[in-house]
1. How long is the chain along each principal axis, judged by its Cα atoms, biggest number first, in Å?
2. What whole number of Å gives the distance from the Cα centroid of segment 45-64 to the Cα centroid of segment 1-28?
3. Between Glu40 and Arg6, what is 0.36 nm times their sequence separation minus the Cα-Cα distance? Round to one decimal in nm.
4. Give me the extension gain from Thr25 to Lys47: residue separation times 0.36 nm, minus the current Cα-Cα distance, reported in nm with one decimal.
5. If you take the beta carbon distance between Ser78 and Asn58 as r and set R0 to 30 Å, what does 1/(1 + (r/R0)^6) give as a FRET efficiency, to the nearest 0.05?
6. Can you tell me the mean projection area, over all orientations, of the convex hull of segment 11-60's alpha carbons? Units nm², please.
7. Relative contact order for the chain: what percent, with Cα pairs under 8 Å and sequence separation of 6 or more?
8. Using a Cα distance threshold of under 15 Å, what count of lysine pairs results for segment 6-78 when pairs must be 8 or more residues apart or interchain?
Amino acid sequence: MIRRSRLDVYFDVLEVIEKGFVKPTQIMTKNNLSGETLQEMFETLIKGGFITEEIQKNTKRYQVTDKGRNVLSYHLKSLTGLVEAK
């Protein structure tokens, strides 16, 4: 089993949110993360301007910002030819 780097996990979180999984439990499940780790990721991504947090009907939901999309796009382009796409 290959362990993901912290940077890989950040990109995985961005990718999952971009695919439409916007609730914390969905994101946590799709990325196989603990609640504590995911919360740390959210804080970093929000401070960096890569995602936003909204509260709808007493539920937190996350959206990727334009900055987050750009970073994710560059990351995926940089992998082209190096590894197979997910």
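1. 43, 30, 21
2. If we compute the Cα centre of each part, the gap is 14 Å.
3. Values: separation 34, 0.36 × 34 = 12.24 nm, distance 1.12 nm.
Fully extending the segment from Glu40 to Arg6 adds 11.1 nm.
4. Value of the extension gain: 5.9 nm.
5. 0.20
6. 3.3 nm²
7. 27 percent
8. The number of close lysine pairs in segment 6-78 is 4.
Values quoted throughout were computed directly from the atomic coordinates according to the rules given, and no laboratory measurement underlies them. This is a predicted model, so every value here is computed, not measured. Reconstructed Cβ throughout: ideal geometry from the backbone, glycine too, with neighbour counts over all protein chains shown.
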